[in-house]
1. Once amide H atoms are built 1.01 Å from N in the peptide plane, which residues 5 or more positions from residue B:170, or in another chain, come under 5 Å H to H?
2. Of B:6/B:45; A:2/B:127; B:144/B:227; B:6/B:71; B:80/B:127; B:9/B:227, which pairs sit farther than 31 Å apart, going by alpha carbon to alpha carbon?
3. Which order results if B:91, B:96 are arranged by neighbouring Cβ count within 10 Å, fewest first?
4. Arrange the following residues from fewest to most other Cβ atoms within 10 Å of their Cβ: B:99, A:9.
5. Taking beta carbons within 10 Å but only from partner chains, what does the mean come to for residues A:93-106?
6. What distance in nm separates the two pseudo spin-label positions at residue B:58 and residue B:94, each 7 Å out from Cα along the beta-carbon direction?
7. What ranking do B:228, A:107 get, fewest neighbouring Cβ atoms within 10 angstrom at the top?
8. For the pair residue B:156 and residue A:103, what calculated FRET efficiency results from E = 1/(1 + (r/R0)^6), where r is the Cβ-Cβ distance and R0 = 22 Å, to the nearest 0.05?
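Quick note: the coordinates plus some simple rules give every number you see, no bench work behind them. None of the values given here were measured: they were computed from a predicted structure. Glycine gets a Cβ as well: all are built from the backbone with ideal geometry, and neighbour counts include every protein chain shown.
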Amino acid sequence: MKEQFTARMLRVHFGEDDRWHGKPLHEAILSKCMELGIAEAVVFRGIEGYGSASRIRHATHWPLSKDAPIQMSIIDTVEQIGKLTPWLDSMVEEGLVAASAVEVIRYSQKQ
Amino acid sequence: MLQPGKAVKVTIYLSDGATHHGAPLYSSILDFLFYRGVAGATVTKGIAGFGADHHMHAAHVVEISDRLPIKIEFIESREKVESLLGKLEELAGSGLIEMQETTVAKPAQPSKPNTPLTPEHLKIEGKAQMMRIFVSEEDRWKSKPLHEALVEAMRANDLAGVTVYRGILGYGAHRRLHKDKPLVSSHHGSIMLSAIDTADKLRAFLPIVDQMVAEGLVVFSDVDIVKYAYRALETEKETAPITPIQN
């Protein structure tokens, strides 16, 4: 099945050692996305970077070092993303959330 | 490029422990000099010394001091030095900056003559689109990993470029939603391919995506290309033969 629609993409940037209620922040956000039924959410680990805290984050000693930059790409309709953003406001203490308008084609094998 | 004749030698004295935005201060200063096009710079580490605070810092056998003196030296024309001085003073913080008149007898030559590899860089500027394709790492197309097949297909269709990213966690159209086991371990990776080209070329490639991707998400967004430069094929001929793409 192929559907095409206009959507919104969020890219959320923070650090791998950031936590929310004791849980890694990226897992917490991913769970929240699933709970809200967001269409697509993927977590990427960068190999080097710096951000709002001006710390240079490295993943060179991976897997020993957990201080790698994390980028999450989250994609769904404007309404669905609107449900998520208040949560991101409270969950991401230090980081960056960028939004862009996108056009999406979804391929699925649903009956 | 440094010319023979009058020049200024600048010496900056720092303590090794000093940091700037989390990185060693000397490397921040070195980066600053490098990207501002200074002809050359050298960092040396002292074995002992003292500074304005009159604390003696030395490397002992049992204890390696992290506060050893560090010296950064570079030689440049007076105009260049003056253009850098403001920022250098800010960066050096409590460190000492010394300048002295010097004479360049013979400037250093770049080890390789700086002949450009390509006389012309193709430069596309302006509106383009970014196509991101989200699939699963286990997805296959004709027995090869789907993301590899997509990269080959994009190359064969002359798309300007593509980069493949492996996610560490994720779910989506390409993956059945496991409600009882929500976070699938990382070896069942999410893959994102990110390709940038003109809208027309990406649209022309879509029928191929239709054929190859059974489950997944394709996301288009508008981007501005600021720079696109590539090495022309003629210069590559000497180095490596181009392997044809097998389909």
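1. HN-HN under 5 Å from residue B:170: A:43, B:184.
2. Details: B:6/B:45 27 Å; A:2/B:127 27 Å; B:144/B:227 33 Å; B:6/B:71 22 Å; B:80/B:127 37 Å; B:9/B:227 36 Å.
Distance filter (> 31 Å) returns B:144/B:227; B:80/B:127; B:9/B:227.
3. Working: B:91 20, B:96 12.
So the ranking, lowest neighbour count to highest, is B:96, B:91.
4. Details: B:99 13, A:9 20.
Fewest-to-most Cβ neighbours within 10 Å comes out as B:99, A:9.
5. Details: counts 0, 0, 0, 0, 0, 0, 0, 5, 3, 8, 7, 8, 12, 10.
Across the residues of A:93-106, the mean count of other-chain Cβ atoms within 10 Å is 4.
6. 2.2 nm
7. Numbers: B:228 15, A:107 20.
With the fewest neighbours first, B:228, A:107 line up as B:228, A:107.
8. Values: r = 24 Å, r/R0 = 1.11.
So, using R0 = 22 Å, E works out to roughly 0.35.
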